[in-house]
Each structure stands twice: as C-alpha cells, then as structure tokens.
Amino acid sequence: MTFRFIAPDAIRSTSQRALLEQWDRLAAGRPFPAFAELRPDPAMHDPRQLVAWAVEGEGRLRKFRAMYQGENVAEVFNCGWAGKTMEQVVPMSLRRITLGPAKESAASGCAVYMVFSTVDANDQQVDCERLLLPFGNGLKVEHLLASLQLTVIGSRPRILKHFDMQSEVRLQGRIRSGFLTGATSEVAGDQRRASRRNVARAARISFARRSVTCFVRNLSASGAAVETTDPAEIPDSFRLVLEMEATERRCRVVWRRKGRIGVQFS
C-alpha cells in the first residue's frame, strides 16, 4: 500500500480532525507525543469509537495488541479485543486495509488516515473513516490510538459483513506532526532551518519521463512551497528546475494541500 502525505483538512470528520490537532499539540516539536500525555476529551471525540493498541516487536515481527476497545467498536465486531492482537481479531478479508496502515504509522511515526467503502443491502455507499495516531518515547512508536467512524447509524455488525464481503479504499495518506505551527518534526526531516522568502518563479517538475509546469511561491536553501494544478499526481520524490537556472534540485514532498505541495531539498 502506498501512503502519500496529505493535508490535515483531508480528514472529513470534525471530531477526528480535533483529535489529530490535539495529538499535534501534544507532540510539541517532537515526531509524536507519549501515550501517557493523552487526555482525550469525551466532548471532543467519542471514546466509544476508539481503540488503543500496544506496539510489540519490530519490522515483520511487529504486532499490535489491544489495550482498550470502545463500545461501538465492540458492537461492530461483536467480540472483546482486550489482550488480543490485530491479526486475531480482524477478519482475513480486512487485514490488508487494517494491518498495512498500522504498520505504516508505527514505522513512519506519522498519523495515518484512510477512508474505505462498501455497499449496503440497499445499494447505498457506506464509508468508514479510520485515523491512526502514533505515540511513544520520541524515537520509537510504542502505542497506536485508532478512531473508527461510520457514515451510517444502524446495525453495526450487519455493516461489518458488507465490508467483509466487499471494500474499496477511497483515500489513504499520512500526516506528520508540526502542521499547526507550520513546521514538521526534526525526525520527519522538515525543520525549516533556513528562512524562506516569498517568490513567484516558474519551474518544471520532472519524474518518470514526465515534465510538469509549476510555480514556486516561497523558497529557502532547504525547501520550497510549489504551486501545481494537481498535487495528487506529483510523486513523493522528483526533480525541480527553476526558471533561469540549469541546476536540478532533488525534492522530497513533506506536505500536500489544495493546489500546493511543500518540499525539502535533498
């Protein structure tokens, strides 16, 4: 599964976005906060929609063991998860869209957001929005907090059967900490060590034998903000050449917003 960087406002749910912002404030310049710092406000986000996981092991041996399971999640799956691993509780057909994002969040230290859909008995689309937030000691992710939100209210176990039979990923991406202050964490590699200046310069993005015209809107020795018609089509790594220059800058995308991407030069 590919997880590109997305902007926080890609999150549809108001309460999930509020939870993400609380996570970012707690990180306070670190890649992610410690789990003990989290004090979820029930008025902000319903705890019945949350699951807390302990992260065990590394790499291919990494597992996620349930520490807390909200009532709504227990109703959907019709079983208790406490002490069980994600592989033990998630149906085989859904493991690709549950385990993959969890491993991505634990490995990258980024929040991961995705929307996957099914069709109910009335041929109506039903979406499930899932937000994963990493927590740990600043160097290693030790816990994940997951928020699950369905777009329908009804028989949750019945809806799960539809997801089990047919599900389609409509959106998935990762979000680094630091977006509230306009800077990402040092571990994420997007600290703005050099001051940026506003510019308006034409440029070209090159990747995979393609070339796309763009505009650079601010620039520093370490990175830039680039305006392009379709940020989603730009890969996470590419080459950038500004007008009146011959030197290529190798770029890595660190954020995406409507009409713009932020890049770090490598």
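Observations on the structure shown:
- On inspection, residue 54 passes the criterion of being farther than 30 Å from residue 230 by Cβ, surrounded by fewer than 19 Cβ atoms within 10 Å (Cβ to Cβ) and either at pLDDT below 95 or of a type in the set (A, V, I, L, M) (or both).
- Residue in region 226-237 that is over 21 Å from residue 108 (Cα atoms) and in contact with a Leu (Cβ under 8 Å, 6 or more places away or on another chain) present: yes
- Test: residue in region 181-196 that is touching a Phe, Trp or Tyr at 6+ places or on another chain (Cβ under 8 Å), in a strand (DSSP E or B) and either modelled with pLDDT of 85 or more or of a type outside the set (Ser, Thr, Tyr) (or both): no
- The set of residues in region 219-266 that are surrounded by 12 or more Cβ atoms within 10 Å (Cβ to Cβ) and charged (D, E, K, R) comprises 227, 236, 239, 248, 249, 250, 252, 256, 257, 260.
- Top-ranked residue of region 247-266 - restricted to ones that are outside any strand (DSSP E or B) and in contact with a Lys or Arg (Cβ under 6 Å, 6 or more places away or on another chain), ranked as modelled with the lowest pLDDT: 266
- Candidates 175, 153, 159: the one that is farther than 30 Å from residue 78 by Cβ and either in contact with a strand residue (DSSP E or B) (Cβ under 7 Å, 6 or more places away or on another chain) or at pLDDT below 90 (or both) is 175.
- Among the conditions (1) more than 21 Å from the chain's Cα centre (by Cα); (2) at pLDDT below 85; (3) outside any loop (DSSP other than H, G, I, E, B), the only one that residue 211 does not satisfy is (2).
- Which listed residue, of 117, 108, 93, is exposed (fewer than 15 other Cβ atoms within 10 Å of the Cβ) and among the hydroxyl-bearing types (Ser, Thr, Tyr): 93
- Residue count, region 1-15 (criterion: part of a loop (DSSP other than H, G, I, E, B) and open to solvent by 30 Å² or more (accessible area, probe 1.4 Å)): 3
- Qualifying residue in region 39-51 (condition: in contact with a His (Cβ under 7 Å, 6 or more places away or on another chain), of a type outside the set (A, V, I, L, M) and open to solvent by less than 30 Å² (accessible area, probe 1.4 Å)): no
- Some residue of region 137-148 being surrounded by 16 or more Cβ atoms within 10 Å (Cβ to Cβ), assigned to a strand (DSSP E or B), of a type in the set (S, T, N, Q) and at pLDDT 85 or above: yes
The values are calculated or read from the model by the stated rules, or taken from the named source; none is laboratory data. None of the values given here were measured: they were computed from a predicted structure. Quick reminder, even Gly has a Cβ in these numbers, built from the backbone with ideal geometry, and neighbours come from all protein chains shown. Accessible surface is based on the protein model in full, side chains and every heavy atom, while ligands, DNA and RNA are left aside. Shrake-Rupley method; radii C 1.70, N 1.55, O 1.52, S 1.80 Å.
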